[in-house]
1. Does H64 fit the bill of being assigned to a loop (DSSP other than H, G, I, E, B) and modelled with pLDDT of 95 or more?
2. Would you check which residues across the range 173-186 are surrounded by 13 or more Cβ atoms within 10 Å (Cβ to Cβ) and among the polar types (S, T, N, Q) and list them?
3. Would you call G56 closer than 26 Å to Q211 by Cβ and over 13 Å from the mean Cα position of the chain (by Cα)?
4. Scan the range 79-119 for residues that are open to solvent by less than 10 Å² (accessible area, probe 1.4 Å) and either of a type in the set (A, V, I, L, M, F, W, C) or not in a loop (DSSP other than H, G, I, E, B) (or both) and jot them down.
Amino acid sequence: MRILLIFFIYLCGLLPVNAAKLAIIIDDIGYRLTDEAALTLPPNITLSVLPHTPLGQKLANDGHQKGHEIMLHLPMQALNGKTLGPGGLTNDMSEEQIKQQLQAAFNSIPFAKGANNHMGSLLTQMDDPMLWVMQSLKQQQLFFVDSVTTRYTKASDTANQLGVPLLRRHVFLDNDVSQRGLEKQFNQIIERTKQQGKLVAIAHPYPETIQFLRANLSRLEANGIVLVQTSQLFDDINIATTSQANPTATLK
């Protein structure tokens, strides 16, 4: 009951401005039937959905209907050569190809308000491709969350140059899905959120992760932390929803 009350107060804009805010993004959604379990989490959990996946459009629609904020989980080329899957951006693409691929990816995921990179340890280090991505996001008033898959990422510099709202991932919750591993990372999330005031954590729709979050999200309130949708970590900006219910929205 107390959690519901705090959620209501936050929606009414009455939450103290100095409250610590945490955004949790569940990404890699779209391929597995088990990904649907992410929709059982509270609506302030953000869902980031892979483009052109068998379940992506349905889960984005269903998640939106349940109140979740939707993002595009955009595949970008990695240094390790892993297969990107459909909709991936690679270093041999021209400006036109990258922008068309990005357009098609957003068209496949309705209600997306922003994007974060799937892999991308190579592409996020490259000036021109990141410039073209940010130009497209800027045009549509969308935000970007850098998953920080490399310390040499140039996403922040490029986004700042163009005025694209950008956040950086601080903690991965579930690189280790053992109870001990999840507990260690969740404690780090709590402590860093209290220290920093705002924090972005990324997790995945693993059964162990979903079960852990269901059992432990209530601990945030006891630590003075409010779970918010990702766009609520930005201050006073206009975030558009590019595709809404229309899957033919375009990016130029």
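1. Taking the combined requirement at face value, the residue does not satisfy it.
2. Q185
3. Numbers: closer than 26 Å to Q211 by Cβ: yes; over 13 Å from the mean Cα position of the chain (by Cα): yes.
It is true that G56 is closer than 26 Å to Q211 by Cβ and over 13 Å from the mean Cα position of the chain (by Cα).
4. Matches in the range 79-119: L89, I98, L102, A105, F106, I109, A112, G114, A115, N116, N117.
Residues are listed down the side, and each one gets a yes or a no for (1) assigned to a loop (DSSP other than H, G, I, E, B); (2) touching a residue at least 24 places away in the same chain (Cβ under 8 Å):
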residue: Q135; (1), (2): no, yes
residue: T150; (1), (2): yes, yes
residue: Q161; (1), (2): no, yes
residue: R180; (1), (2): no, no
residue: N187; (1), (2): no, no
residue: I202; (1), (2): no, yes
residue: E208; (1), (2): no, yes
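The values are calculated or read from the model by the stated rules, or taken from the named source; none is laboratory data. These figures come from a predicted structure and were not determined experimentally. Heads up, the Cβs are rebuilt from the backbone with ideal geometry, glycines too, and the neighbour counts pull from every protein chain shown. Remember, those area values only see protein heavy atoms, side chains included, never the ligands or the DNA or RNA. Shrake-Rupley method; radii C 1.70, N 1.55, O 1.52, S 1.80 Å.
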